[in-house]
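*Asks:* Pasting a structure below so you can have a look.
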2 protein chains.
Amino acid sequence: LGPGAEFDRIRAIAEALGADAAGLGDDCAELGRAEGIIVASTDTSVEHVHFERNWLTLREIGHRSTAAALSDLAACGATPLGVVVAVAAPADTSSQELAELMAGAGDAARSAGTTIKGGDLSRGDCLMVTPTVIGTAERPVHRAGAKAGDGVWVTGVVGGARAALEAFRARIAPDPGARERFVAPVPRIAEGRWLAAHGARAMLDLSDGVVADAAHLAAASGVEVEIQLEQIPVHPDAVREALTVRAEPVIFAAKGGEDYELMVALTEADGERIAAEFEAAHGRTLTRIGTCHRGQGVRPMFRGSRLRLQGFDHFQ
Amino acid sequence: LGPGAEFDRIRAIAEALGADAAGLGDDCAELGRAEGIIVASTDTSVEHVHFERNWLTLREIGHRSTAAALSDLAACGATPLGVVVAVAAPADTSSQELAELMAGAGDAARSAGTTIKGGDLSRGDCLMVTPTVIGTAERPVHRAGAKAGDGVWVTGVVGGARAALEAFRARIAPDPGARERFVAPVPRIAEGRWLAAHGARAMLDLSDGVVADAAHLAAASGVEVEIQLEQIPVHPDAVREALTVRAEPVIFAAKGGEDYELMVALTEADGERIAAEFEAAHGRTLTRIGTCHRGQGVRPMFRGSRLRLQGFDHFQ
């Protein structure tokens, strides 16, 4: 690394990332050789839009934004090759603060089996973190591919991130379990890879919420997705938070984004068997929440009736 | 693509990019299979830091930021596989404006033999464009690798981008040739690949200026780089602009960044032959401007004396 203030900052970041940061400062990051099809995704987190500084530590901001980007690799069944992170920060941001931010990005990368390979530092009016994740997949799974008759399934439980978000906005401390889901979402890399290899017809990650993401699946696949809201597996802290704000828990959870669980379409014939094998392999639930039909759009059903709540409009 | 305002904007972008934009809107962009080592680079351009809206059209902003990122692939001798672009823009930015910006990004990608494969849209206080470029190289060339005795060479001519920048800052219209160098720099992809295959020991692109970039080469390679400033090939518009501001043209050019030409170290024995073959192959000059010695740092020489101008300090 050369002389100068920018390189001093890169040196502080390299120190925070430890042995993982061998190539920082060169023109390009090296990601090694790769079998399969190369895939990439980029995802910006902006202060005041995606987070507030008084909600999260800098390390958590780096972790969360990188985990969110890695989740896109999970959604297409890819294995990460590496992460590069562009950071724009106010001029008075210290080397120590940037190192904390990037240490969090490194935590997220490491927990997904990869490392930070490079990045870019710029000045900006507010803090913006743009991780780009690069991976490889033998057969990338897309949002298109679901067919009428397929079941729609989700991994794990949802609504936890929204429970934390509502608490942050109300200026109260979120429940620890919900906070963890918002602050350090876990990209479902192993689960996505397994599902891609075991019959996923279409897949995406839950970033906008179950109903909104089902609408994306429907549009890309050219089907109508019927969701049985009462089947949605709800995070326990989301149940508590929903009852506090007098909302129906499954609707509260269905409207919450940023859980970064996976939504996957499986054939009617194989779905139950695949789900049982998935649960045995990963120790995590795979729950059927809906069905694809001929048609278009999403049809949210609750206790046998089509839901037409005002609150669903901004998803459609 | 699903319903909603964000997807409406993505639709407008896909239309502007034409047939190149097949996969936009999915979780990951697909970049195909790749021989060799995967490399990546990310580079943010921020309004008010890297450009002003009254200097450039939106299409030019997209073009320039993407070309600058692609130049990093040239600097390591890589072939582009694809580009993903994260854009943060004020909430009142129209679909049409975003489509123009991305059409410019598409122009730059196409001129480097690749396409825009995906991206991300967010709100932000000012316009920020973060292209990430992914490529492949059989043997990526780094900033480290130059040895004492090697010659230091640059492609093409330099100083054009600075000539435009000085004019923009003085609120006068830059000369068209200089403006073109600032607005639509050409990443030297074919040249970088050729140099990587024909003996480049170390290479980087001229983003910070000849003297500052020579300091990076020196630090990474563990050598001292002596630059003969009078050997620097200066863009004709930079000569004119330098004389206008009463600067010595080679010093004006040496301090100017963002030309995106390549700086390469070649052995003393092979340099002249490689340069002749390079010029025959690419119709572009490769000019020797310096020599690596044992030691460290950069030693800018002008007419036989070591230069110790105040203005060089912020590079070191």
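The values are calculated or read from the model by the stated rules, or taken from the named source; none is laboratory data. Since the model is a prediction, treat every value here as computed from it, not as a measurement. Methodologically, a virtual Cβ is constructed for each residue, glycine included, from the backbone with ideal geometry; neighbour enumeration extends over all protein chains shown. Just the protein is used for accessible areas: all its heavy atoms, side chains included, with ligands, DNA and RNA removed. Shrake-Rupley method; radii C 1.70, N 1.55, O 1.52, S 1.80 Å.
*Asks:* Once Rh for the stretch A:56-175 is found with the Kirkwood sum over Cα pairs, what is the Stokes-Einstein diffusion coefficient at 20 °C and 1.002 mPa s, in µm²/s?
*Replies:* For the chosen part, D equals 132 µm²/s.
*Asks:* To the nearest 20 debye, what is the magnitude of the charge dipole of the protein assembly as shown about its Cα centre, counting +1 on the Cβ of each Lys and Arg and -1 on the Cβ of each Asp and Glu?
*Replies:* Roughly 60 debye, rounded to the nearest 20.
*Asks:* Hey, for A:Asp270 with labels 7 Å out along Cα-Cβ, what do the inter-copy distances come to in nm, ordered shortest first?
*Replies:* 5.2
*Asks:* Given charges of +1 on the Cβ of Lys and Arg and -1 on the Cβ of Asp and Glu, with all other atoms neutral, how large is the dipole of chain B about its Cα centre, in debye to the nearest 20?
*Replies:* 840
*Asks:* Return one number: the angle in degrees, 0 to 90 and rounded to the nearest 10, between the long axis of the Cα atoms of helix B:210-221 and the longest principal axis of the Cα atoms of chain B.
*Replies:* Value to nearest ten degrees: 80.
*Asks:* Continuing with this model, one more query. What translational diffusion coefficient, to the nearest whole µm²/s, does the stretch A:196-316 have by Stokes-Einstein, given a Kirkwood radius computed over alpha-carbon pairs, a temperature of 4 °C and 1.567 mPa s viscosity?
*Replies:* 87
*Asks:* Okay, moving on. Hey, what number do you get for chain A at 222 nm if only DSSP H runs of n ≥ 4 count, each worth -39500 (n - 2.57), divided across all residues, to the nearest 500?
*Replies:* Working: 10 runs with 114 residues, N = 316.
Value at 222 nm, helices only, nearest 500: -11000 deg cm²/dmol.
*Asks:* A further question on this structure: Can you tell me what share of the DSSP beta bridges in chain A is antiparallel? A percent to the nearest 5 is fine. Mind dumping the intermediate values first?
*Replies:* On the way: 36 of 50 bridges.
The antiparallel fraction comes to roughly 70 percent.
*Asks:* Here is a follow-up. Only Cα pairs under 8 Å and at least 6 apart count here; give the relative contact order of the stretch A:171-316 as a rounded whole percent.
*Replies:* Once divided by the residue count of the stretch A:171-316, the mean separation gives 36 percent.
*Asks:* Separate question: Return one quarter of the surface area of the convex hull spanned by the alpha-carbon atoms of the stretch A:60-112, equal to its mean projected area, in nm². Before the final figure, lay out the partial values.
*Replies:* On the way: hull surface 14.8 nm².
The Cα convex hull of the stretch A:60-112, projected and averaged over all directions, gives 3.7 nm².
*Asks:* Can you list residues from other chains, or at least 5 along the same chain, whose modelled amide H is less than 5 Å from the amide H of A:Leu81?
*Replies:* Counting only residues 5 or more places away or on other chains, the set is A:Ile134, A:Gly135, A:Thr136.
*Asks:* Next up: Which ³J(HN,Hα) values in Hz, rounded to whole numbers, follow from the phi angles of the stretch B:106-122 under the Karplus curve 6.51 cos²θ - 1.76 cosθ + 1.60, where θ = phi - 60° and Gly and Pro get x?
*Replies:* x, 4, 5, 4, 5, 5, 9, x, 9, 9, 7, 9, x, x, 8, 10, 9
*Asks:* Can you list, shortest first in nanometers, how far A:Leu243 lies from the same residue in the other copies, with each label 7 Å from Cα toward Cβ?
*Replies:* Relative to the other copies, A:Leu243 has label-point distances of 8.4 nm.
*Asks:* How far, in degrees from 0 to 90, does helix B:160-169 lean away from the longest principal axis of the Cα atoms of chain B, to the nearest 10?
*Replies:* Helix B:160-169 and the main axis of chain B meet at about 60 degrees.
*Asks:* Considering only the label points, 7 Å along Cα→Cβ from Cα, what distances in nm to one decimal separate B:Gly222 from the same position in each other copy, shortest first?
*Replies:* Reported distances to equivalent positions: 6.1 nm.
*Asks:* In a Gaussian network model over chain B where Cα atoms closer than 10 Å are linked, find which of B:Arg33, B:Arg143, B:Arg303 has the largest mean-square fluctuation.
*Replies:* Between B:Arg33, B:Arg143, B:Arg303, it is B:Arg33 that shows the largest mean-square fluctuation.
*Asks:* Something else: Roughly how big is the stretch A:97-183's charge dipole about its Cα centre, with Cβ charges of +1 (Lys, Arg) and -1 (Asp, Glu), in debye to the nearest 20?
*Replies:* 260
*Asks:* Using the Karplus curve 6.51 cos²θ - 1.76 cosθ + 1.60 with θ = phi - 60°, work out ³J(HN,Hα) for each residue of the stretch A:132-148 in order, rounded to whole Hz, and write x for Gly and Pro.
*Replies:* 10, 10, 10, x, 9, 9, 5, 9, x, 9, 10, 6, 7, x, 6, 10, 3
*Asks:* Could you state the accessible area per residue of the stretch A:164-213 in Å², with a 1.4 Å probe and every protein chain left in place?
*Replies:* Values: 1910 Å² over 50 residues.
Per residue, the stretch A:164-213 has an accessible area of 38 Å².
*Asks:* So how tilted is helix A:58-75 from the main axis of chain A? Cα-based, degrees 0 to 90, rounded to 10.
*Replies:* Helix A:58-75 sits roughly 50 degrees off the main axis of chain A.
*Asks:* Moving to a separate point now. When the convex hull of the C-alpha atoms of the protein assembly as shown is computed, what volume per residue in Å³ does it have?
*Replies:* 144
*Asks:* Okay, next question. Return the single residue from B:Ile227, B:Ile37, B:Ile251 with maximal mean-square fluctuation; model: Gaussian network over chain B, springs between Cα atoms under 10 Å.
*Replies:* With Cα springs under 10 Å in chain B, the top fluctuation among B:Ile227, B:Ile37, B:Ile251 is at B:Ile37.
*Asks:* Let me ask you something else. Please identify every one of the GluC sites (Glu not before Pro) in the stretch B:159-221 that sits in a loop by DSSP and has no more than 16 other beta carbons within 10 Å of its own beta carbon.
*Replies:* The qualifying sites: there are none.
*Asks:* Next question, about the same structure. Taking C-beta distances below 4.7 angstrom as the pairing criterion, name the unpartnered cysteines of the protein assembly as shown, in sequence order.
*Replies:* So, A:Cys126, A:Cys292, B:Cys126, B:Cys292.
*Asks:* Taking a cut-off of 27 Å, what percent of all Cα-Cα pairs in chain B are separated by more than that?
*Replies:* 44
*Asks:* For the stretch A:1-152, which whole-number percentage of the solvent-accessible area (1.4 Å probe, protein heavy atoms only) is attributable to carbon and sulfur atoms?
*Replies:* Percent of accessible area from carbon and sulfur atoms in the stretch A:1-152: 47.
*Asks:* Do any trypsin sites (Lys or Arg not before Pro) in the stretch A:42-77 lie in a DSSP loop with no more than 16 other beta carbon atoms within 10 Å, and if so, which?
*Replies:* The qualifying sites are A:Arg53.
*Asks:* So what is the relative contact order for chain A, in percent, with contacts set as C-alpha pairs under 8 Å and at least six apart?
*Replies:* 22
*Asks:* A follow-up question, please. How far is the Cα center of the stretch A:197-273 from the Cα center of the stretch B:225-265, in Å?
*Replies:* 58
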